[in-house]
1. How large are Rg and Dmax for region 275-353 when calculated on the C-alpha trace, in angstrom?
2. Out of residues 5 or more away from G245 or on other chains, whose amide H comes under 5 Å of its own, with H placed 1.01 Å from N in the peptide plane?
3. Considering the options I272, M445, L302, tell which one lies farthest towards the positive end of the dipole of region 262-446, charges being +1 on Lys and Arg and -1 on Asp and Glu at the Cβ, about the Cα centre.
4. From zero up to wherever the largest Cα-Cα distance of region 262-446 sits, split into 10 Å bins and tell me the percent of pairs in each.
5. Can you find, among G401, P226, A69, the residue sitting farthest towards the positive end of the charge dipole of the chain, where Lys and Arg contribute +1 and Asp and Glu -1 at Cβ?
6. Calculate the all-directions average of the projected area of the chain's alpha-carbon convex hull, and give it in nm².
7. Of all the Cα-Cα pairs you can form in region 174-314, what percent are over 17 Å apart?
8. Grab the DSSP H runs of the chain that are 4 residues or longer, score each as -39,500 (n - 2.57), total them, divide by all residues and round the 222 nm result to the nearest 500 deg cm²/dmol.
Amino acid sequence: MTEILSVASECAPLVKTGGLADVAGALPGALRPLGLRMRTLLPGYPQVMAGIGKARAVWRSDALFGGPACVLAARTDALDLLVLDAPHLFDRPGQIYLGPDGRDWPDNPERFAALCLAAAEIAARGADGWRPDILHCHDWQAGLAPVYLRDRFPDAPAGIVQTIHNVAFQGLVPVDRLDALGLPRSGMTPEGFEYWGQIGALKAGLVWADRITTVSPTYAAELLTPEFGMGLDGVLRARQDRLSGILNGVDLADWAPPFRLASGKARHKARIRAEMDLPEATGPLCVVVSRMTEQKGLDLLLEALPALLENGGQLALLGSGAADLELAFERAAGDPNVAVRLGYDEALSRMLVAGGDAILVPSRFEPCGLTQLYGLLHGTIPVVTLTGGLADTVIPATPAGLRAGVATGLQVFPITSDALGRALARLCALHAQPEVWRRMQRNAMRQPVGWDRSAEEYAALYRELSEA
Ligand code: ADP
Ligand code: GLC
């Protein structure tokens, strides 16, 4: 059996700020039927410690970046966990990456370097009588693990996979922390982990890993360009033969199976209108569930909103993030057909996805995107920009797509507010044609958005590496 140690800074349902948690939480279950065991190493944040119940220590350190630490082995229904219990690093209130002032915790480099050190030691020496064949690192928070493993344990046989969920977050650390982090000085070169005079944690993962994956084939291609590579396109071009894109899936056990459209959709939509105080309307109820950042293109939506409202549509948005965007959407909610809920709310997010007519994802870039997949599953028509995983998961309602009867959503290109406005007007026109609309909904619900195929792609990658 191939054994994998997955290292992630968040994992649903224990702790989540975005799609990384969904993926880290679902992948182990998707791999199990294929005969692969994945254990997940997570930081022991308060919500993780509270969620694991019975646990036993399988690894210890007397001094891990300023305090004692141990790794606890624990199980939840779906996950086989290793939790890094280091109270001086992780036992803090509030958001997992940010302090009460809304800025990154100043010791984030040490917090996630600690996770990486524990990961490297377990990958090399084992813990609990278990040693993985593969070390699978997610995003910059796990990016130093490959360096620690290869630098400190050069004979360790484990293969290393580094996955990029979002190249916008690179984990840059001032160079004066190099020794404190226990990194090899020889790595501080442009061919190593140096990034314009700083230490790049994600770059380290990309250089030291045996294979690099990202979360959709289109984003894998985009990453090689200066426009999307965010300074790491050169590194990725140099390692292009090691890079592949494997699409994220939806955890079908977690996301309720599709319901009968006629009754289910209407019932859920009525709940949204009641919950968010929206009047009845004949146009489509569009929903958004999103972090509110530059990436997600919600400023474009603000500009395009009149095209939706003038055509009888409505908007219900759930999100949180940049203060200026939050304020602008609160103002937009002055219109009776716009409802905005600021914050993070798992239950409301599911209600919106299930009851909306359409789900809007107008991202400037999107490595994969999960909410459009949740939309497809529920017959909630995605309106997406033509980028990354959005391009790989939605079949556009072009005249050809409609004529062939295969369309599942609308694509916006170029990524501008004008094009988004045109798409929203078109959405309203399609919604007014019940037969066309139902056909799209049925197509959407038939899309294979589960993990099956992607789990097989990961399995093939792990097997290839462990047999190498
Ligand atoms: P990203 O990881 O870039 O934020 P994804 O689309 O991959 O984007 O994943 C976002 C995940 O976070 C989805 O599961 C989505 O439902 C969830 N989510 C985002 N914002 C909220 C919110 N305000 N409340 C509840 N869930 C949210
Ligand atoms: C990142 C990306 C998102 C992706 C998620 C899970 O947060 O922004 O597109 O779906 O990771 O891979």
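1. Reported Rg and Dmax, both Å: 11.8, 32.
2. T214
3. Going by the charge dipole, the pick is M445.
4. 10, 42, 39, 8, 0
5. G401
6. With the hull built on Cα positions only, its mean projection is 21.6 nm².
7. Result: 75 percent of Cα pairs exceed 17 Å.
8. Helices in the chain give a 222 nm mean residue ellipticity of -11500 deg cm²/dmol.
Every number here is computed from the coordinates shown, using simple stated rules; none is lab data. All values reported here derive from a predicted model rather than from experimental measurement. We place every Cβ from the backbone using ideal geometry, glycine too, and count neighbours over all the protein chains shown.
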